[in-house]
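Asker: Once you've had a glance at the structure underneath, I'll fire off some questions.
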Amino acid sequence: MIEYFNSFMIAVESLTKQKLRSALTLIGIVIGVASIIGIMTTMEAIQTYMEKSLSVLGSTVFQVQKTPFMNVGPSDRHKYQNRKDIKIEHADAIRDRAKKVANVGAEDWTYGRVIRYKKKSTEPVYLVSGATPEWSPNNGYYVDVGRFLTQLDVDYSRFVMVIGTEVVEDLFPFIYPIGETVKFEGRNFEVVGIIEEQGSEMGQSRNNMLVIPITVYQKIYGKEGSINITISAKSSELLNGAIDEIITIMRAVRKVAPGEDNDFEIFNSESLIAFWNDMSRNLKIGSILISFISLMVAGIGIMNIMMVSVTERTKEIGIRKALGARKKHILTQFLIEAVLLSLTGGLIGVILGVLLGNVVASLMNLSIAIPWFWVVVGLIFCSFVGIASGFWPALKASRLDPIESLRFE
Amino acid sequence: MTLIDIEGVKKIYDLGAEKIHALDGVSLKIERGEYIAIMGPSGSGKSTIMNILGCLDTPTSGSYYFEGEEVSKMDDNQLAGIRNQKIGFVFQTFNLLPRISSLQNVELPLIYGGVSLESRRERAELVLERVGLADRMNHKPNELSGGQRQRVAVARALANEPSIILADEPTGNLDSKTGEEIMVLFNQIHEAGNTIILVTHEEYIAENAHRIIRLHDGLIASDEVVRMHTMN
């Protein structure tokens, strides 16, 4: 035990005496570990955020869309594009027939439009939503001042608008906005409500938004294209039953023959999380591969530097052997040195990776995360790289002939 | 008591084209407490017999008993153990590790002997005091004079209380005055009861010893007791 402690001290000593060389050797390991830990940290932060925010959205809410959340490949895209569009009538049909649902909303979105009030205008609005009254409970956005859209607004295509707090700041710094008339897409709208202030999401403010009746939305942007149907089940126990019910209604309304696949997609927060996990798995595998390759290269670098170190210290090895060092003493001394070298690199890599990952995470307004599992895996793998790359040089050192080593100058 | 007993020891280096007989059948007995000088011109086999006596090398043929144990058949690790426990080396070029202090250098054989931290520090300090370096313990070799360095090396050789001190040209890198001081140290160590073998080509250094063995072409040319040693 004493001997190993000493080998350890000797190794620390010889590494600190060669600071520049040690540092250069470390770079490969640092990059390898920092990249994997950085990616894993960001992923963990995103994942925590996704799970939290999607569960806030409500475990009872689900959506019906024409195409999946994200297209998988070009061939699939073609298949989805040829589907019949989803229309407001479909939402109406569901609202009429479904028994297990609480709210059925029809909605559509666009981005980057400007609202004007007298001489003022907003930054391009992040989210423009055409909606029905159910938009509010289904999305979890509630009106703070004034009122939300009503069924009458939708039925009579009234030019009314509900806005976010950022729009209020831009247009009405000193004026009570309710009842004021703003210009949007060349038409006059009456402001009827303000949505309560929201937190921001992935660096995007959710207060920079406006909501108008979906019928008005279609007058402006056209009736072509598919809308979204958001549905909330009466309770989370009823969620699966509600989904089955909606599938049955949608197939009937869209005249899908028995045995054929659905010509629409249904997803909820759980399937979004599943989708995210799927996507992040590929990203993780990619980053593991990159890290693995850079760690292998770094391992070769360590082996090389250890070889040089053994040659340089031939005399020292000879002296130690003359004084009674056995093969195992020399072997452990050099092995510990190699492991220490790669573990130091690993530790620096972990620290850099966690910092980097969290910088990215905080740019996206996510909370700080540390991927403990990957930290441990990374450090274990670094030790392994150290042992693997240090073993051959260490063995070479332990096998040196004491007489010849003593003669070495 | 016989400390070293070698019988018909040959060492042949096979260089492919030719075979070099560095030792060509050497027999020798060394008793505990002796003070021996091994002399001879270069190429006489001085270094070879030194390496074999010091268990750094094994003979091609012949037998070597060290305190009754046959070392000529030992493997590397067993030889390392003998070197560590029974033999203290002093080299011409000191062979101290440059980056560690005198004290740490002296501790090295104790580390490989598995001596605990506290008692090895104590022992290392003790032997450094014995060689007159109590005030130089934390100096590194490059902060010491040649004579002081060789004293550290002697202290290191003494650290494990070996059966024999093997000194290879211990004054070869020192000026004559410092060399004499080192020889005074060796004489003191011998008087304290240690067995010493010096390898040297300087007559005046060899004169310190009580027995002088002269090698020539891998054979013992002469082996004479020049002074009766007082130790038993």
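The values are calculated or read from the model by the stated rules, or taken from the named source; none is laboratory data. These figures come from a predicted structure and were not determined experimentally. Reconstructed Cβ throughout: ideal geometry from the backbone, glycine too, with neighbour counts over all protein chains shown. SASA here: full protein model, heavy atoms, side chains in, ligands and nucleic acids out. Shrake-Rupley method; radii C 1.70, N 1.55, O 1.52, S 1.80 Å.
Asker: Which one of these is at pLDDT 90 or above, on the phi < 0 side of the Ramachandran plot and assigned to a loop (DSSP other than H, G, I, E, B): A:178, A:231, A:220, A:249?
Answerer: When all the criteria are applied, what remains is A:178.
Asker: Select, from B:30, B:38, B:4, the only residue that is away from chain A (no Cβ under 11 Å), out of contact with any helix residue (DSSP H, G or I) (no Cβ under 8 Å at 6 or more places or on another chain) and within 20 Å of residue B:214 (Cα to Cα).
Answerer: B:30 is the lone residue from the list that is away from chain A (no Cβ under 11 Å), out of contact with any helix residue (DSSP H, G or I) (no Cβ under 8 Å at 6 or more places or on another chain) and within 20 Å of residue B:214 (Cα to Cα).
Asker: Here's another thing I want to ask about it. Take the conditions open to solvent by 10 Å² or more (accessible area, probe 1.4 Å), more than 10 Å from chain A (Cβ to nearest Cβ) and free of Cβ contacts under 8 Å to residues at least 24 places away in the same chain and apply them to residue B:163. Does it pass?
Answerer: So residue B:163 does not fit the description; no.
Asker: Residue A:300 - would you say it is away from chain B (no Cβ under 14 Å) and farther than 18 Å from residue A:386 by Cβ?
Answerer: no
Asker: May I pose another question? So which residues in the range B:85-100 are open to solvent by less than 10 Å² (accessible area, probe 1.4 Å) and more than 10 Å from chain A (Cβ to nearest Cβ), if there are any at all?
Answerer: Scanning the range B:85-100 gives a single hit, B:90.
Asker: Can you tell me which residues in the range B:112-137 are modelled with pLDDT of 90 or more, facing chain A (nearest Cβ under 9 Å) and assigned to a helix (DSSP H, G or I)?
Answerer: Scanning the range B:112-137 gives B:112, B:120.
Asker: Hey, another quick one. Please go through the range A:125-143 and pick out each residue that is at pLDDT below 90, assigned to a strand (DSSP E or B) and surrounded by fewer than 19 Cβ atoms within 10 Å (Cβ to Cβ).
Answerer: Within the range A:125-143, just A:127 meets the criteria.
Asker: Sort out which residues of the range B:24-57 are in a loop (DSSP other than H, G, I, E, B), surrounded by fewer than 19 Cβ atoms within 10 Å (Cβ to Cβ) and among the hydroxyl-bearing types (Ser, Thr, Tyr), and write them in order of number.
Answerer: B:42
Asker: While we're here: Looking at residue B:82, is it in a helix (DSSP H, G or I), in contact (Cβ under 8 Å) with a residue 12 or more places away in the chain, more than 7 Å from chain A (Cβ to nearest Cβ) and aliphatic (A, V, I, L, M)?
Answerer: When the stated conditions are applied, residue B:82 passes them.
Asker: Select from the range A:329-376 the residues that are in a loop (DSSP other than H, G, I, E, B) and open to solvent by 40 Å² or more (accessible area, probe 1.4 Å) and list them in ascending order. Working first, answer last.
Answerer: We begin by selecting, within the range A:329-376, every residue in a loop (DSSP other than H, G, I, E, B); these are A:364-371.
A:364, A:365, A:367, A:368, A:370 - these are the residues of the range A:329-376 that are in a loop (DSSP other than H, G, I, E, B) and open to solvent by 40 Å² or more (accessible area, probe 1.4 Å).
Asker: Also: Any residue that is closer than 22 Å to residue A:127 by Cα, modelled with pLDDT under 90, surrounded by fewer than 21 Cβ atoms within 10 Å (Cβ to Cβ) and not acidic (Asp, Glu) - is there at least one of those in the range A:253-267? Steps first, answer last, please.
Answerer: Start the filter on the range A:253-267 by keeping residues that are closer than 22 Å to residue A:127 by Cα, which leaves A:267.
Now narrow it down to the ones that are modelled with pLDDT under 90: A:267.
Checking which are surrounded by fewer than 21 Cβ atoms within 10 Å (Cβ to Cβ) leaves us with A:267.
Filter again for not acidic (Asp, Glu), leaving A:267.
So far as the range A:253-267 goes, yes, one or more of its residues are closer than 22 Å to residue A:127 by Cα, modelled with pLDDT under 90, surrounded by fewer than 21 Cβ atoms within 10 Å (Cβ to Cβ) and not acidic (Asp, Glu).
Asker: Go through the range B:58-77 and report how many residues are more than 9 Å from every other protein chain (Cβ to nearest Cβ) and either farther than 19 Å from residue B:28 by Cα or in a loop (DSSP other than H, G, I, E, B) (or both). Step through it out loud before you land on a result.
Answerer: The first filter runs over the range B:58-77 and keeps only residues more than 9 Å from every other protein chain (Cβ to nearest Cβ), leaving B:58-75.
Filter once more, so that each one left must be either farther than 19 Å from residue B:28 by Cα or in a loop (DSSP other than H, G, I, E, B) (or both): B:58-60, B:67-68, B:71-75.
Here the count works out to 10.
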